[in-house]
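K.L.:
Starting off with a structure, shown below.
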Amino acid sequence: MVWLALLRGVNVGGKNRVEMARLRASFEQLGFEDVRTYINSGNVIFRHAEAPDAAAIERALEAEFGFAIKVTLRDRRNVAAISAALPDDWVNDASMKCDVMFLWDHVDSRRALDELTIKPGIDDVKPVEGALIWRVDRPAVTRSGMMKMVGGELYKSMTVRNCNTVRKLAALMDGLGDPG
């Protein structure tokens, strides 16, 4: 099966530096195959027959890099479904901000929406299995209620990628395919 490991909080603002070559090597040492990374924000695509153990990956990464790194895992089906749920006109560019918030299992439910401040006419939020998709027009970002979640408990249980990255990750995973 093809898997995606999403690392939280690496290479952000010069903190928690993780070199992609070392990251790939760490995953290979754990026995994963066809390991590849995409951009410098902690996206690792790999092949493994069974569901990987996120806690084991976190322990290995802490030993390698010297600081704790939270990891969430998604299979190819889930990433493809999230990518497909992104409306075609939701983009991340100069006119619009569109992010996918990948949720840890313990917060992955529609109840997560209750913890958000979603301002009608400004924020659009779409829940999907394993994630929340959010879009806002760039001029309205500072008026968005979603910015209030930063630093809160829900925010600590997610990792965020923009929609362009999610679409590319889905395509890369699809290109790697599943044998048989």
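K.L.:
Look at region 99-124 and say how many of its residues are under 13 Å from the mean Cα position of the chain (by Cα) and within 12 Å of Val136 (Cβ to Cβ).
P.N.:
Residues that pass the stated criteria total 1.
K.L.:
Taking region 128-168 only, how many residues are in contact (Cβ under 8 Å) with a residue 12 or more places away in the chain, in contact with a helix residue (DSSP H, G or I) (Cβ under 6 Å, 6 or more places away or on another chain) and of a type outside the set (S, T, N, Q)?
P.N.:
Residues that pass the stated criteria total 8.
K.L.:
Let me ask another. Would you say Arg111 is among the basic types (Lys, Arg) and over 21 Å from Leu7 (Cβ atoms)?
P.N.:
Numbers: among the basic types (Lys, Arg): yes; over 21 Å from Leu7 (Cβ atoms): yes.
Spelling it out, Arg111 is indeed among the basic types (Lys, Arg) and over 21 Å from Leu7 (Cβ atoms).
K.L.:
Sort through Ala56, Ala25, Ala63, Ala85 and tell me the only one that's small (Gly, Ala, Ser) and either at pLDDT below 95 or under 24 Å from Ile133 (Cβ atoms) (or both).
P.N.:
Ala85
K.L.:
Can you confirm whether region 157-168 contains a residue that is crowded, with 19+ Cβ neighbours inside 10 Å, aliphatic (A, V, I, L, M) and closer than 27 Å to Glu33 by Cβ?
P.N.:
Yes, because at least one residue in region 157-168 is crowded, with 19+ Cβ neighbours inside 10 Å, aliphatic (A, V, I, L, M) and closer than 27 Å to Glu33 by Cβ.
K.L.:
Can Thr142 be described as modelled with pLDDT of 95 or more, of a type in the set (Ser, Thr, Tyr) and part of a helix (DSSP H, G or I)? Spell out the reasoning first.
P.N.:
Values: modelled with pLDDT of 95 or more: no; of a type in the set (Ser, Thr, Tyr): yes; part of a helix (DSSP H, G or I): yes.
Considered against the rule, which asks whether it is modelled with pLDDT of 95 or more, of a type in the set (Ser, Thr, Tyr) and part of a helix (DSSP H, G or I), Thr142 comes out as no.
K.L.:
Could you tell me which residue of region 16-30 is nearest to Trp104 (Cα to Cα), considering only residues that are outside any loop (DSSP other than H, G, I, E, B) and more than 18 Å from the chain's Cα centre (by Cα)? Walk me through how you get there before you give the answer.
P.N.:
Taking region 16-30 as the starting set, the residues that turn out to be outside any loop (DSSP other than H, G, I, E, B) are 20-29.
Now drop any that are not more than 18 Å from the chain's Cα centre (by Cα), which leaves 21-22, 25-26, 28-29.
Working: Ala21: 26, Arg22: 25, Ala25: 25, Ser26: 22, Glu28: 24, Gln29: 25 Å.
Among them, the one singled out is Ser26.
K.L.:
Take region 36-60 and flag every residue that is outside any loop (DSSP other than H, G, I, E, B) and under 17 Å from the mean Cα position of the chain (by Cα).
P.N.:
Within region 36-60, Arg36, Thr37, Asn43, Val44, Ile45, Phe46, Ala54, Ala55, Ile57, Glu58 qualify.
Residue by residue, here is whether (1) touching a residue at least 40 places away in the same chain (Cβ under 8 Å); (2) crowded, with 17+ Cβ neighbours inside 10 Å holds:
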{"position": "Val10", "(1), (2)": "yes, yes"}
{"position": "Asn16", "(1), (2)": "yes, yes"}
{"position": "Glu19", "(1), (2)": "no, no"}
{"position": "Gly31", "(1), (2)": "no, no"}
{"position": "Asp34", "(1), (2)": "yes, no"}
{"position": "His48", "(1), (2)": "yes, yes"}
{"position": "Glu62", "(1), (2)": "no, no"}
{"position": "Phe65", "(1), (2)": "yes, yes"}
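The values are calculated or read from the model by the stated rules, or taken from the named source; none is laboratory data. Since we're looking at a predicted model, the values are computed, not measured. All Cβ positions, glycine included, derive from the backbone under ideal geometry; neighbour counts span all protein chains shown.
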